[in-house]
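Trainee: This is the structure, below, for whatever I ask next.
A short reminder: the numbers here are calculations on the coordinates, not readings from a lab. Owing to the predicted nature of the structure, the values given are computational and were not obtained by experimental measurement. Cβ placement follows ideal geometry from the backbone for every residue including glycine, while neighbour counts extend to all protein chains displayed.
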Amino acid sequence: MEKIIVEGGKRLEGEIAVSGAKNAVLPLMAACILAHGECTLNNVPDLADVRTMAKLLQIMGAKIEFENGRMSIDSSSMNSWEAPYDLVKTMRASVLVLGPLTARFGKARVSLPGGCAIGERPIDQHLKGLAILGASIEIEEGYVEAVAPVLKGGIIPFDISTVTGTENLILSAALAEGETILLNAACEPEVSDLANALNQMGADIKGIGTDIITISGVKELSPLRDYDVMPDRIEAGTYMIAAAITRGDLLVRNCKFENMGALIGKLIEIGVRVTRESDGIRISSDGQIKSIDITTLPYPGFPTDMQAQMMTLMSTADGLSVLTETIFPQRFLHAGELRRMGADIKLVGNSAVVRGVHALSGAPTMASDLRASASLVLAALAATGKTEISRVYHLDRGYDKLDRKLETLGASIWREKE
């Protein structure tokens, strides 16, 4: 394994390009199961999770090539409908194959998913939706077994907003007989990206971007050709906070201003200068950061995937802030590691009370999950002295060469073997 080492105190300046979105490309890869023939995706990030999903599809018989951000997936020869535990345990998004496998083969056997240690994330909404579409569901020996010779449309009311649940049911319903209506569907941009791609393949999906999505099933889908994966708004947000916490000046290129309203609003509120430019978003700061309160919410609210990074920024702000986590109430493992670096953080239920300190200090730290890894890198950039971050394989699941990109902006950051 590797660790990342950072010598803090460097002001970040320059331009940085955002990679394709992890949370968009994984459901797009699952969508390729539904079409016979070669699908091609562009702007694909080189991430551990992407390679895990590719390996999963290959085990089930798909042919995949991946080079320089371009991926081709040919699922014509797929002959298996089982997603084994050894792969699914490492990545929750693997459950996205459940819907398309059931739609294509009439059955699926998928291990219950794993992923980051950020609290319980059940898939009951996925299973409830599949059952409404006519699948019989059983859970045996840690596997979900779905059988449905024919999926038929229906009305699916989600009890909670679930991104992967919405995506799985869109994928299931695309080839179902009749009309499917998803109520309280997730509105995240990544869900819209998937629906737009499926429409290019010949699906009939309406209500994209709203909480009521209607899917009229079609008999078949065509391969997806040269589809550009949307930019990663969480990666972009991480760079924006990197600029703020180092009192830097960054132009973040290849990102969509309209997808990041909640974060941009908070950055402006704390005193960071944000400018929309033709080729991206410029973030600059040279003064004291103000403390603010934040509550994570489904899109278009403040994203839970930015909570850890914002906690780090608030650790260096002037005053007291309260961060309330409503999506994953246990998602605070990074707080203990930030305290090792001098942060003043107290956990009360599903909230973190953060009192800004004059300066963070370098320390040995350990990443617990993907976004926690990013928060520790941000803390290290602002800290005095040297910080070591171990277990950075979490970081590589969702950030494409983050350390190398930060180095081009003036950060003193490198990797070593543990």
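Trainee: So who's got an amide H within less than 5 Å of the one on residue 295, skipping anything under 5 residues away but keeping other chains? H placed 1.01 Å off N, in plane.
Mentor: 324
Trainee: Let me ask something else about it. Taking square-rooted eigenvalues a ≥ b ≥ c of the alpha carbon gyration tensor, is region 94-217 rounded, prolate or oblate, where a/c under 1.5 means rounded and, failing that, a/b exceeding b/c means prolate? Display every interim value, and only then the final one.
Mentor: Details: a/c = 1.68, a/b = 1.19, b/c = 1.42.
Taking the square roots of the gyration eigenvalues as a ≥ b ≥ c, region 94-217 is oblate.
Trainee: Next question, about the same structure. Given the -39500 (n - 2.57) contribution per DSSP H run of 4+ residues, what per-residue ellipticity at 222 nm results for the chain, rounded to the nearest 500 deg cm²/dmol? Please report the intermediate quantities before stating the final value.
Mentor: Numbers: 14 runs with 128 residues, N = 418.
Computed ellipticity for the chain at 222 nm equals -8500 deg cm²/dmol.
Trainee: Select from 31, 173, 94 the residue farthest towards the positive end of the dipole of the chain; place +1 on Cβ of Lys and Arg, -1 on Cβ of Asp and Glu, and compute about the Cα centre.
Mentor: Farthest towards the positive end: 94.
Trainee: Tell me whether region 198-246 comes out rounded, prolate or oblate; compute the Cα gyration tensor, take square roots of the eigenvalues as a ≥ b ≥ c, and use a/c under 1.5 as the rounded threshold.
Mentor: Numbers: a/c = 6.94, a/b = 2.25, b/c = 3.09.
Oblate, because a/c is 1.5 or more while a/b does not exceed b/c.
Trainee: Can you grab the distance from the C-alpha centre of region 216-236 to the C-alpha centre of region 350-393, Å, no decimals?
Mentor: 34 Å
Trainee: List the residues, sorted by chain then number, that are 5 or more residues from residue 82 or on another chain and whose placed amide H is less than 5 Å from its amide H.
Mentor: 109
Trainee: Where does each of 167-176, 228-237 land if you order them by average Cβ count within 10 Å, highest first?
Mentor: Numbers: 167-176: 27.6, 228-237: 24.5.
Sorting 167-176, 228-237 by mean packing, highest first, produces 167-176, 228-237.
Trainee: Which length gain, in nm to one decimal place, applies between residue 416 and residue 320 when the Cα-Cα distance is subtracted from 0.36 nm times their residue separation? Kindly include the intermediate steps, with their values, before the conclusion.
Mentor: Values: separation 96, 0.36 × 96 = 34.56 nm, distance 3.60 nm.
Once the chain is fully extended between residue 416 and residue 320, it gains 31.0 nm.
Trainee: Same structure again: Running Debye on the chain with equal point scatterers at the Cα sites and no solvent, what base-10 log of I(q)/I(0) appears at q = 0.06, 0.07, 0.09 Å⁻¹?
Mentor: -0.24, -0.33, -0.54
Trainee: Once both labels are modelled 7 Å past Cα along the beta-carbon direction, what's the residue 330-residue 58 spacing in nm?
Mentor: So the two model labels end up 3.3 nm from each other.
Trainee: Under 17 Å from the 7 Å Cα→Cβ point of residue 160, by amide nitrogen: which residues of region 121-148?
Mentor: Answer for this model: 121-129.
Trainee: Another question, if that's okay. Restricting to bridges with both residues inside region 22-228, how much of the DSSP beta-bridge set is antiparallel, in percent to the nearest 5?
Mentor: Numbers: 27 of 36 bridges.
DSSP beta bridges in region 22-228 are roughly 75 percent antiparallel.
Trainee: As a test, work out the antiparallel percent of DSSP beta bridges whose residues both lie in region 309-409, rounded to the nearest 5. Intermediate results must be reported in sequence, preceding the final value.
Mentor: On the way: 10 of 14 bridges.
Counting only bridges with both partners in region 309-409, antiparallel ones make up about 70 percent.
Trainee: Please report the antiparallel percentage of the DSSP beta bridges confined to the chain, to the nearest 5. Walk me through the numbers on the way to the answer.
Mentor: Numbers: 58 of 80 bridges.
Close to 70 percent.
Trainee: Then there is this: Relative to the Cα centre, what is the charge dipole magnitude of the chain, using +1 at the beta carbon of each Lys and Arg, -1 at the beta carbon of each Asp and Glu, and rounding to the nearest 20 debye? List each step's numbers first, then the result.
Mentor: Working: 42 positive and 52 negative charges, 145 e Å.
For this selection, approximately 700 debye.
Trainee: Collect residues whose amide H, placed 1.01 Å from N in the peptide plane, falls under 5 Å from the amide H of residue 366; neighbours closer than 5 in sequence don't count.
Mentor: 390
Trainee: Right, next: How would you classify region 22-228 from its alpha-carbon gyration tensor, with a ≥ b ≥ c the square roots of the eigenvalues: rounded for a/c under 1.5, else prolate if a/b is greater than b/c, otherwise oblate? All intermediate terms of the calculation are to be shown ahead of the outcome.
Mentor: Numbers: a/c = 1.29, a/b = 1.12, b/c = 1.15.
It is rounded, given that a/c, with a ≥ b ≥ c, falls under 1.5.
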